[in-house]
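**Q** What follows is a single structure, and I will ask about it in a moment.
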Amino acid sequence: MASIKFAKLVSAGLGTSLGIYAIRHKQTHRNIVLAERNIPEGLETESNALNNLQLLNVQVFGRHGARTPIHIIETIEHGTYLPAFMGDLPYTQIDYEVKDVSGDVQPISLMENSYRDNNRILKGGVYVGQLTKIGQDQMYMLGKTLRKKYVDELKLLSPEIKDNEVYIRSSNVERNIVSARCAMAGLFNTAYTPQTNGPITIYVSDATNEILYPNTYHCPTMRTLFGKWIKQAWNLPSTKRIRQQVQERSDYVEKDGKFLNLIDVRDDLIARKVRLFHFF
C-alpha cells in the first residue's frame, strides 16, 4: 500500500496505497477532524461549530492502480500480457527518490524479488504483480481529483510540490511506489508545471517492520490465524458451493485437500478484464 501525507496532506502506498495522514485536532464533529477556531459565546451549536472549523491536515489512503495478475488459474488458457502494456507514461513522470523511513537507502524488497523470478513470467513476457499503463493513468487521475479538492478549492496545498507539505509513504513494492509517483504527478500537475524544489521523497519500510498490509511474512501468529480463517471461509456452505461451481467450470480437480482459492481466481479474472482496455 502507499500513503501520501500532506502535513497539510498525505499519501501512502499500501497494497499500494495512496494516503494522507497526520491530523491535529481540538474538536471532532461527525468524524470530521478539524481545528477549532474561536466561537462566539452562545453560538456553540453543531452547525456553527462546523462552520467555524478550519481544515489543517488530510489523510488519504488507497491501493495501487491496475496491475498484472499475481495468481493465475492453471487449468484454463492463460491471459496474454504484452510488454506494450507496461512502461512509464510521460505525463506521470516526476523527479523522486525512494528512502527507508529512517532516511537511509531503500531496503531490498523480498516481495518484489519474488515477483521478478523467471519462473513467474506471464504469457506475453512480463512479470506478475506489475503496474500497467492503465494503472498509472488511474493513479494520475486520482491525483488530479485530489488537486481539484485540496489545491484549487480548499487551498490547503501549494500548487507546486513542497516537501514540508506532503509526506509520501509506500510499501516497498514497485507497483505501489510507482502508483504514489503517478498520483503525485496528477496532484501537482507536473506535466505542465516545472518541478523546481528538487526530488520528492517516497518513504518505505523493510519487510520485517512493514505495517501497511497484514504482514504474514514476519508474524507467525498472523500467518497461522490467517491460514485457519481461509480454510474455514472456503468451507462455509455458500462459499463452498460457489467454489465447487468454479472448479467444475475451470476443470480443476481437488487433490490432497487442495482446492481452488477464489481470491486467486478473482485476481486472474480482474487482470484479464482490465487487460482488454489497454489503449496506450
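**Q** Mind checking which residues of the stretch 198-239 are open to solvent by less than 100 Å² (accessible area, probe 1.4 Å), part of a helix (DSSP H, G or I) and within 23 Å of GLY62 (Cα to Cα)?
**A** Passing the criteria: ALA207, THR208, ASN209, MET222.
**Q** Further question on the same structure: Would you please list the contacts, defined by Cβ atoms under 9 Å and residues six or more apart or on different chains, that run from a residue in the stretch 183-204 that is of a type in the set (Lys, Arg) to a residue that is open to solvent by less than 50 Å² (accessible area, probe 1.4 Å) and modelled with pLDDT of 90 or more?
**A** Listed by first residue and then by second, the contacts come to nothing, as the list is empty.
**Q** Quick one: count up the residues across the stretch 120-144 that are assigned to a helix (DSSP H, G or I), open to solvent by 50 Å² or more (accessible area, probe 1.4 Å), touching a residue at least 24 places away in the same chain (Cβ under 8 Å) and not hydrophobic (A, V, I, L, M, F, W, C).
**A** 2
**Q** Report yes if some residue within the stretch 90-103 is of a type in the set (A, V, I, L, M), loosely packed, with under 14 Cβ neighbours inside 10 Å and outside any loop (DSSP other than H, G, I, E, B); otherwise report no.
**A** Taking every residue of the stretch 90-103 in turn, none turns out to be of a type in the set (A, V, I, L, M), loosely packed, with under 14 Cβ neighbours inside 10 Å and outside any loop (DSSP other than H, G, I, E, B).
**Q** May I pose another question? Can you spot a residue in the stretch 251-270 that is open to solvent by less than 40 Å² (accessible area, probe 1.4 Å) and touching a Pro at 6+ places or on another chain (Cβ under 7 Å)?
**A** Within the stretch 251-270, one or more residues are open to solvent by less than 40 Å² (accessible area, probe 1.4 Å) and touching a Pro at 6+ places or on another chain (Cβ under 7 Å).
The values are calculated or read from the model by the stated rules, or taken from the named source; none is laboratory data. Computed from a prediction, not measured in an experiment: that's the story for all the values here. Here Cβ is always computed from backbone atoms with ideal geometry, including for glycine, and neighbour counts include all displayed protein chains. Protein only, heavy atoms only, side chains kept; ligands, DNA and RNA dropped before computing areas. Shrake-Rupley method; radii C 1.70, N 1.55, O 1.52, S 1.80 Å.
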